[in-house]
Every structure is written in structure tokens, then in C-alpha cells.
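The values are calculated or read from the model by the stated rules, or taken from the named source; none is laboratory data. Predicted model only: the values in this text are computed from it and were never measured. Cβ placement follows ideal geometry from the backbone for every residue including glycine, while neighbour counts extend to all protein chains displayed. Protein only, heavy atoms only, side chains kept; ligands, DNA and RNA dropped before computing areas. Shrake-Rupley method; radii C 1.70, N 1.55, O 1.52, S 1.80 Å.
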Amino acid sequence: MYAGIDLGSRNVKVAILDDQGQLKLHKFDTVSFYREHGHMEDGQLLVDLSALGLGDIGWQQIVSTGYGRQTINLKGAKNIAEIKAHVTGAVYLTGKEDFTMLDLGGQDSKVALVRKGRMVDFETNDRCAASTGRYLENMAAVLDIDLAELSKHYQHPVELSSTCAIFGETELIGKVVEGYSVAELAAGVNYTIFKRVKPMLLKLASPTIVFTGGVAQNQALRQIVTQELNKEVLVPDNPQYNGAIGCAVTAKKLALQ
Amino acid sequence: MKKIGITTTIPSEVVYAAGMVPVDLNNIFITHNNPQLLVEEAELAGYPRNLCSWIKGIYTTVLNNKDIDTVIAVTQGDCSNTHALMETLDLAGIKVIPFAYPFDRDYDLLKLQIEKLMTALGTDWEQVNETKKTLDAVRKRLWQMDQLTWQDNKISGFDNHLFQVCSSDFNGNPEQFAKEMDDYLAKLPQQPEIKTELRIGYIGVPPIMDDLYDYLEERGARVVYNEVQRQFAMPFDTDDLVEQYRLYSYPYGIFYRLEDIIEQIKLRQLDGVISYAQSFCYRQIEDLIIRQKIDVPILTLEGDKPNKLDARTKMRLDSFLEMLR
């Protein structure tokens, strides 16, 4: 068995791949994961994988990535660069070799240009998370709706600035006061995400966009990207596990070398 | 000897010829035991948060160093914020001497600027040309060090950066600086060759965080070209001082700088280039030109506060190196 672990800012995702290519996916809250399953040893976080409730698995290779990788080395695991993991996952899940990957996670926005299955350039968000899952959660909370409801709307968006994830809340409340409908407000929120990532998508453009990360579950945003850029937008199943799957695929490749 | 603060590289021959000592304020700021504190002090004085930390650091550095009562400020060819820096220093009672690199590299205008500086400090061409000979002898060691970095793989990216960046003011003592280099060079034959998988070029102003070079080297990549630092060391063989500062690429437009960058990418067989710009700097705009003109992979890095690399920048560096492999 081959395991891929994506140490994300909100969730730790685990993908388990077997020799037949079957995938099993698991998700843990990031803070609970570190608190309950990890302890420090020789300056590295040691995670007891057998206690995660994944069953008794004979691990042949474990590969990890993610934000936590910078501060934590998962014992027994080989670390790989985050965007590399995501590109590997996107290539594996779609079978495509030439595309632009858009990965919107808990706090990260990543755009990578992929040619012949290899990353040739990339961009990431900088200093602000106003195009990520955390931003959507905050805005949904302001509107008192859930993420599923938020992700339905893209028509008649209210105009919102896209400069700050937190000031965005105040601005949204202002629009509520002005009497806009929840549908228009939600569409406005979804459009701000598009506005943030549009320059990166244009800079690293391809006819096909592979959209991954938790935010890829937002159907309205998929619709907005498709119609605004006139591109083919592919969203693999379970897009939030893309990084973990990329790690698992890498683990299998390493084990078979 | 009287110390004179400088905001970036200026014709230091003139200062030394006048019997004074140039002090690169950037170096004093960044080697302070708590440079972030200096930035915060400038903000308390009223400097905006969304402004380059180098300018803020220089402001506080001048005010805190009572032996510096005169500053030569480069008002054209470096940073437009220097105008307001000069005004706020003036308000604090500091004497400011402006120096402007002509945008079009005009020989006569540059000569006029240098001569005005000579008049302001009280020296002449004869003394300046004599000083140039002394400083050129020191610079030759820097050129040798650079060669030992990229050709012989004997010098780390950080040491290459450090020695070259100091050539803006020769650490206030060219003789002592030359001796330090001689000592360093004498030990080199015993040092093993540095072997790294990737050869990286670093372009743009020197980084405000000091662990970039080591971080890259730990991950199998080494900086073998420091663009601006190398320019500080003036790697041009000319007896004409005006021509020397005309060949010096940093204060002129991006297209002239790119000629040097493109030549060195090829010569030094670079795998990729890190293009560094300071947060809130107009030079960030030039990134779009750099990306069109350079044909090796580029990572654009932005540095804000004087500190260590943040987790996000490390993630970007890791991904870039992975991409180059």
C-alpha cells in the first residue's frame, strides 16, 4: 500500500493507493490531527498512522506534502514540494498532460502551467487568502448560509472589491444593508474569487483548466471560470484530495523504482 | 575621518578622494541586531506601513547614528521614495547631497553629476583618479572571487553576495577590506569544490532576508550569479571614471540591465533565475518585461520585512527547484 498525506491548513488529507490502483481517501481536522496523533521526536513530528483508524495497513512508501511540511517533517515519510504534488495529482486524475491547473485550497491559491505532464511555471497567492476556502466560509457565515447554498449562485453578482478577505466581510454587510438578495450577494462573493485568480489564469493560460482543491466543489465558480474565460474546465472527483493523491501516486512510483 | 551616509552605490572614489568615508546605510541597517525595530521606529515617526522596508530602515539608521550628519542620496536611478526620505532627513537636520544617474546614460550629464559631487565634497579629478586606481585594485579581488564562484565552484552564493555587496562602500576601509578578501582567498585552495545540482541566478536588489542562499544550498541549488551585487563591484576594465559609472547597469533602465543578465545566464549556464523585488517597489512592474525577455524559468520573489524566509516563500522556492529538476 502507498500513502499520500497532504498537510493542509484546514484539513489533513490521506490518500491510500493499492497495487490495483484503488484509492481510499480520509480527512482529519488539521489541529486535531497534530494534537491527537502526533508527538515530537528528534525535532520531527511523529504521527502514529496505525492509530488513525485506517486499519492495519502494510505501508510500502509514504509521501507527504503541504503547508505543514515547512515546519513539520512527518517521520518515515518522504516530503515533496506542494505544487509538484498537486500537478502530479491533476495529471493522474484527468489523464491530461497539457493544461493549466487551478488549485484553491483552505488558504492557498495556486496556478500551474503543465506541459507534457511537467510543471513549467507557476503562481501563488501572496499575503492574502481572499480566494480560498477560508474566505468562502467567512463570507457564507456573514450571509448565514452554508457553502452548498453559496456555491449555487453566479447570476447578477453584486460588485465587491477583492482586495482583502477580512474587509470583504464589512463590504458584504454593506451590500446586505442596501437590500440585495442572498442570490446576488452569493454570486458577488463567487465572482470576487474569480477576479483574484483571473490574472494568474491569463498569465499561465491553456485551453484546458484542471480545477482542484476544496473550492473546486463550488459549482458557481466552475461556471464563472468556464463562461468568463471560454475554456474547458475539468474538475476531478474529490478535488480536495488532489494533493494527497499526487503524493500517493509519487509514493507508488518511488516504491516501484 | 568624517563619515558620509550613502543610500546606494555612488562614485565612492569621490568620497574617499575628499578624505571622507562612505557608509552604505543599507548595510548598517540590515546588520543591526534588530533591523525590524528600525523599520517600526520609522513607522512610529509617520512612515507608511505600505512602503519599502529598506527606506524606513535607512531613515532610522541615519537618525540613530549621530556621527552621520551628511547623506548622499541617489534621487534618480535607484528609488523614487528617496525624495521623501531626503525631505524627512532634512527636517531632522541632516545635510543631504543629491546625486542623479541620468536615465538615458548620457555621458555629459553623468560627468556633470560627478563633478558637482566633487565640488560639494571638495576634491578634484587628479585626486579622484588616483583613488580610482586604489579602489580598482580592491575590485580586482572581487572579480576574482566571482570567477571562483561560478567557474571553480569554490565560493558559496552567500559569500559571493556578501563580499560583492560590501563594495558599495568597501566597508569604510578599502585596505582592510582587501586584506579580509586576501585571507579568505588564501584559505580557498584547501576548500572542497561545492557541488550542487542546480545553478541559480539572483537578479534584483539584494534580499532583505539573509537565509535565502543557505536555504537554496541545503536543497541542492546554488546562486552563482548575483546580478546587482556584481554590478556594485563594477566588473569593467576602464580608466575612465565616468565611463565606469555609465557601464554600471543597476541605476539605468531594465533593458540595459537585461543585456548583462542575458549574457551572464548563458555564460554561467544557469538553470533558473530568481527575480527579487522588494514589497511596494516600482521595480515589481518590471517583472513583466523580465519574463518576456529571459528564456530560462523565473521565480519572482517578494521580500518585505528584514527576517527569515517565511513558510510561503519556502513553499514557492521548493516548487521552483522541483520544477527545474
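Taking the helices alone, chain B has a mean residue ellipticity at 222 nm of -15000 deg cm²/dmol, built from -39,500 (n - 2.57) per DSSP H run of at least 4 residues and averaged over all its residues.
Restriction of the GluC sites (Glu not before Pro) in the stretch B:139-193 to DSSP coil positions whose beta-carbon has at most 11 other beta-carbons within 10 angstrom yields B:E193. Shielding of peptide A:85-92 by partners, expressed as the average count of other chain Cβ atoms within 10 Å per residue Cβ, is 1. Take the cross-link list A:K195/A:K231; B:K2/B:K133; A:K13/A:K78; B:K111/B:K133; A:K84/B:K154 and give me the ones stretching past 24 Å between alpha-carbons. Distance filter (> 24 Å) returns A:K84/B:K154.
Answer rounded, prolate or oblate for the stretch B:33-167, using the Cα gyration tensor with square roots of eigenvalues a ≥ b ≥ c: rounded when a/c is under 1.5, else prolate when a/b is larger than b/c, else oblate. In terms of gyration-tensor shape, oblate. For the stretch B:1-107, just say rounded, prolate or oblate: build the C-alpha gyration tensor, square-root its eigenvalues into a ≥ b ≥ c, call rounded for a/c under 1.5, and beyond that prolate if a/b exceeds b/c, oblate if not. Oblate. Among B:R219, B:R105, the order of accessible area from largest down is B:R219, B:R105, computed with a 1.4 Å probe on protein heavy atoms. Counting only other chain Cβ atoms within 10 Å of each residue's Cβ, the peptide B:301-312 averages 2. Excluding same-chain neighbours fewer than eight residues apart, the aspartates and glutamates reachable from A:K96 by a Cα-Cα span under 18 Å are A:D121, A:E232, A:D237.
Report, in deg cm²/dmol and to the nearest 500, the calculated mean residue ellipticity at 222 nm for chain A, where each DSSP H run with n ≥ 4 adds -39500 (n - 2.57) and the sum is divided by the residue count. Value at 222 nm, helices only, nearest 500: -11500 deg cm²/dmol. Taking 0.36 nm per residue of separation and subtracting the Cα-Cα distance, full extension of the segment from B:H83 to B:A120 would add 11.4 nm. Averaged over peptide B:316-325, the number of partner chain Cβ atoms lying within 10 Å of each residue's Cβ comes to 6. Residue by residue, the stretch B:157-168 carries 3J(HN,Hα) couplings of x, 5, 5, 4, 4, 4, 5, 5, 5, 6, 6, 5 Hz when phi is fed to the Karplus relation 6.51 cos²θ - 1.76 cosθ + 1.60 (θ = phi - 60°); x denotes Gly or Pro.
Each peptide in B:265-271, B:26-32 receives the mean, over its residues, of other Cβ atoms within 10 Å, and ordering these scores from highest gives B:26-32, B:265-271.
Counting only trypsin sites (Lys or Arg not before Pro) that DSSP places in a loop and that have at most 13 other Cβ atoms within 10 Å, the longest clean stretch of chain A runs over A:128-257.
Can you give me the Cα centroid spacing of the stretch B:269-321 and the stretch A:1-45 in angstrom? One Cα centre to the other: 31 Å.
Stokes-Einstein, applied to the Kirkwood radius of the stretch A:96-223 over Cα pairs at a viscosity of 1.306 mPa s and 10 °C, places its translational diffusion at 107 µm² s⁻¹.
Debye-formula intensities of the stretch B:129-190, expressed as log10 I(q)/I(0) at q = 0.26 Å⁻¹, are -1.16 (one equal scatterer per alpha-carbon, no solvent).
Normalising the average separation of contacting C-alpha pairs (under 8 angstrom, six or more residues apart) by the number of residues puts the relative contact order of the stretch B:200-276 at 49 percent. Calculated on the Cα set of chain B, radius of gyration then Dmax: 19.2, 55 Å. Any chance you could tell me what percent of the C-alpha pair distances in the stretch A:1-127 go past 20 Å? Value for the stretch A:1-127 (Cα pairs over 20 Å): 47 percent. Amide H contacts of B:S279 (H built 1.01 Å from N, in plane; Pro and chain starts excluded): B:G303, B:D304 sit under 5 Å, all sequence-distant by 5 or more or on other chains. Take each peptide in B:12-23, B:35-46, count the other Cβ atoms within 10 Å of every residue, and average; sorted highest first, the result is B:12-23, B:35-46. When Rg and the Kirkwood radius Rh are both evaluated on Cα atoms of the stretch B:214-315, their ratio Rg/Rh stands at 0.98. A:Q257 versus A:Q227, label points 7 Å from Cα toward the beta carbon: distance in nm? Here the answer is 4.6 nm between the modelled labels. Comparing Cα centroids, the stretch B:135-188 and the stretch A:126-143 end up 49 angstrom apart. For the stretch A:174-256, the set of GluC sites (Glu not before Pro) satisfying both a DSSP loop assignment and a count of at most 11 other C-beta atoms within 10 Å is given as A:E178. Classify the stretch A:90-153: rounded, prolate or oblate, from the alpha-carbon gyration tensor (a ≥ b ≥ c, eigenvalue square roots; a/c under 1.5 rounded; otherwise prolate if a/b is larger than b/c)? Oblate, because a/c is 1.5 or more while a/b does not exceed b/c. Couplings for the stretch B:57-64, taken from phi via the Karplus curve 6.51 cos²θ - 1.76 cosθ + 1.60 with θ = phi - 60°, read x, 5, 4, 5, 4, 5, 5, 7 Hz in order; Gly and Pro are left as x. Split the accessible area of the protein assembly as shown by element, probe 1.4 Å, and carbon with sulfur accounts for 49%.
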